[in-house]
Amino acid sequence: MALIHCNFFSEVLKLSTSMYVILPQRTKNQIGMQNAVQKDKHPTLYLLHGLSDDHTIWLRRTSIERYVANLGLAVVMPEVHRSFYTDMVNGYNYWTFISEELPEIARSFFHLSDRREDNFVAGLSMGGYGAFKLALSKPHQFSAAASLSGALDINTEHLSDGPLSLREFHNIFGDINSLRGSENDLFKLIEKLDQSEVKPKLYQCCGTEDFLYQENQNFLKKAKEHGLDITYDEGPGTHEWGYWDRQIQKVLEWLPLEKSMA
C-alpha cells in the first residue's frame, strides 16, 4: 500500500486543505502484508471523520491501511472540521466540497474509478451522518454507504445541547425549526429517494450504550418503511474507538466490491 498525505487548494472553500489517501500497491517482498490491486482503476472508499477529529484520525485510531491491503481498495480521508458535511449558514461550503469538488480532485490526482459501482462512503458519528447524506443525496454517485454510530437525526435536541453549542449549531444549520424537511434532514432524503431509479446499499451500526442509539433506531425504522436495502448491526458498545475499529472491519467485509485482481 502507498500512503499519501496530500495538501491541495480547494476552489470551493477558497483555502488550502488536506486529505490522506491510501492507494493499492502490488508487492512481492513486503513482509507481513498481502497486497492486491484491481485490474482497472481503483474502487474507492471515502472515509469520513467525526466532530472532534480530522483527516488523520482513521489512521491513528485503527489499522485501516492494513485492513484494506488485500482488497485493492483506495481510501480517501478528507478534512472538514466541525462542519457536519454541510454548506454552513455562517462558514464554509463543505457539502459542495465533499460531494462535488473532492471526488473530482481526487480522481485528477490518482487512478480512481468514477463508476458508481466502485464508489463507497463510510464514516463515524458526524461522519456517519455525512456518509448517509452523500449516499442518499447522490445515489448515482455512490453504490453503498456505512454509518458507524452516526448522528443521523439532526433534529434531536441533544445535538444543540451537548456536542454542539446552540451558537455553533446555528452557525452550521441556521434556525433549528427549519431543519425538518430540508436538504440536511436524512429522513427527508429517504423520502426523496423513493423517486430515484437507483438506491444505495446501506450498512448501519450503533452500540446499545451509545448516546445516539435511539436516533439510530429511528433512522432504521424510517429506512425499512421505505424499503431500503439496509444491513443493521448492534451490540454492546459506547461512542469509542474500540467499537469503531471492530466495526470498520465488518464494513469492509460487507462492501459490494467487484473483485477482479490484476
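Read-outs throughout are calculated quantities, based only on the coordinates presented, and are distinct from any laboratory measurement. Quick caveat, the model's predicted, so the values are computed rather than measured. Please note: Cβ atoms are built from the backbone with ideal geometry, for glycine as well, and neighbour counts cover all protein chains shown.
For Arg246 and Gln195, what is the calculated FRET efficiency with R₀ set at 35 Å and r taken between the beta-carbons, to the nearest 0.05? Provide the component values of the computation, followed by the final result.
Details: r = 36 Å, r/R0 = 1.04.
It comes to 0.45.
Cross-link partners of Lys259 among lysines, defined as those whose alpha carbon lies under 19 angstrom from its own and excluding same-chain residues fewer than eight positions apart: Lys39, Lys41, Lys201, Lys250. Its Cα gyration tensor gives the range 65-129 an equivalent ellipsoid; the semi-axes, largest first and in whole Å, are 24, 15, 10. For the chain, the share of DSSP beta bridges that are antiparallel, to the nearest 5, is 40%. With the simple spin-label model, which puts each label point 7 Å out from Cα in the Cβ direction, the Leu3 to Glu225 separation comes to 4.4 nm. Within the straight-line cut-off of under 12 Å between alpha carbons, the aspartates and glutamates reachable from Lys188 are Asp153, sequence neighbours fewer than 8 places apart in one chain being disregarded.
Quick check: residue separation of Phe109 and Ser178 times 0.36 nm, minus the Cα distance between them. What number comes out in nm? Roughly 21.0 nm would be gained on extension. Sites listed here are trypsin sites (Lys or Arg not before Pro) in the range 2-56 whose DSSP assignment is loop and whose Cβ has at most 14 other Cβ atoms within 10 Å: Lys14, Arg26, Lys28, Lys39.
Listed by Cβ neighbour count within 10 Å, with the fewest neighbours leading, Leu15, Leu212, Leu124 appear as Leu15, Leu212, Leu124. Restriction of the trypsin sites (Lys or Arg not before Pro) in the range 206-261 to DSSP coil positions whose beta-carbon has at most 16 other beta-carbons within 10 angstrom yields Lys259. At q = 0.15, 0.17 Å⁻¹, what log₁₀ I(q)/I(0) does the chain have when each alpha carbon counts as one equal point scatterer in the Debye sum? Each listed q corresponds, in turn, to -1.08, -1.41. For the chain, the mean residue ellipticity at 222 nm estimated from helices alone is -7500 deg cm²/dmol, where every DSSP H run of n ≥ 4 contributes -39500 (n - 2.57) and the total is divided by all residues, rounded to the nearest 500.
The trypsin sites (Lys or Arg not before Pro) found in the range 66-152 that occupy coil by DSSP, while having at most 16 further C-beta atoms within 10 Å, are Arg115.
Rounded to whole numbers, the Karplus 3J(HN,Hα) couplings from phi for the range 183-196 are 5, 9, 9, 4, 5, 5, 5, 4, 5, 5, 5, 4, 8, 8 Hz, using 6.51 cos²θ - 1.76 cosθ + 1.60 with θ = phi - 60°, and x at Gly and Pro. Using a cut-off of under 12 Å, list every residue of the range 54-71 whose amide N is near the label point 7 Å from the Cα of Lys259 along the Cα-to-beta-carbon line. Under 12 Å, as judged by backbone N against the label point of Lys259, lie 70-71 of the range 54-71.
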